[in-house]
Amino acid sequence: MGFAWTIVAMVILMAISWRYLGAYMVSVYENRTRWLSYMERPIYKIAFF
């Protein structure tokens, strides 16, 4: 029963946050924001060296 509540909680969280996550992804793909790039670049360098 605990697994079902976890799924319900995840669906509710995604339903609440989809607008903000979508807007952030659009701004990243259009190269309008860079505030997380300091974390992404080292990860990409390690993953694809």
query: Across segment 19-26, in residue order, what do the Karplus-derived ³J(HN,Hα) couplings come to in whole Hz, using 6.51 cos²θ - 1.76 cosθ + 1.60 with θ = phi - 60° and x for Gly and Pro?
result: 5, 6, 5, x, 5, 5, 5, 4
query: What label, among (1) 14.9, 55; (2) 9.8, 26; (3) 15.7, 43, belongs to Rg and Dmax of the Cα atoms in Å computed from the structure on display?
result: (3)
field: Packing-based exposure ordering (other Cβ within 10 Å, fewest first) of S37, S27
entry: S37, S27
- line: Going residue by residue through segment 7-14, the Karplus relation 6.51 cos²θ - 1.76 cosθ + 1.60 with θ = phi - 60° gives ³J(HN,Hα) values, rounded to whole Hz and with x marking Gly or Pro, of 5, 4, 5, 5, 5, 5, 5, 5
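Can you give the net charge of the other residues whose Cβ lies under 15 Å from the Cβ of T33, counting K and R as +1 and D and E as -1? Walk me through the numbers before you get to the answer.
On the way: positive: R32, R34, R41; negative: E30, E40.
Net local charge, T33 excluded: +1.
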field: the chain: most fluctuating residue of M39, M25, M14 per GNM, C-alpha cutoff 10 Å
entry: M39
field: Mean ellipticity per residue at 222 nm, deg cm²/dmol - from DSSP H runs of n ≥ 4 across the chain, formula -39500 (n - 2.57)
entry: -27500 deg cm²/dmol
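Any read-out appearing in this document is the output of simple, stated calculations on the displayed coordinates, not a laboratory observation. Because the structure is a prediction, the values reported are computed rather than measured. Cβ: placed from backbone, ideal geometry, glycine included. Neighbour counts: every protein chain shown.
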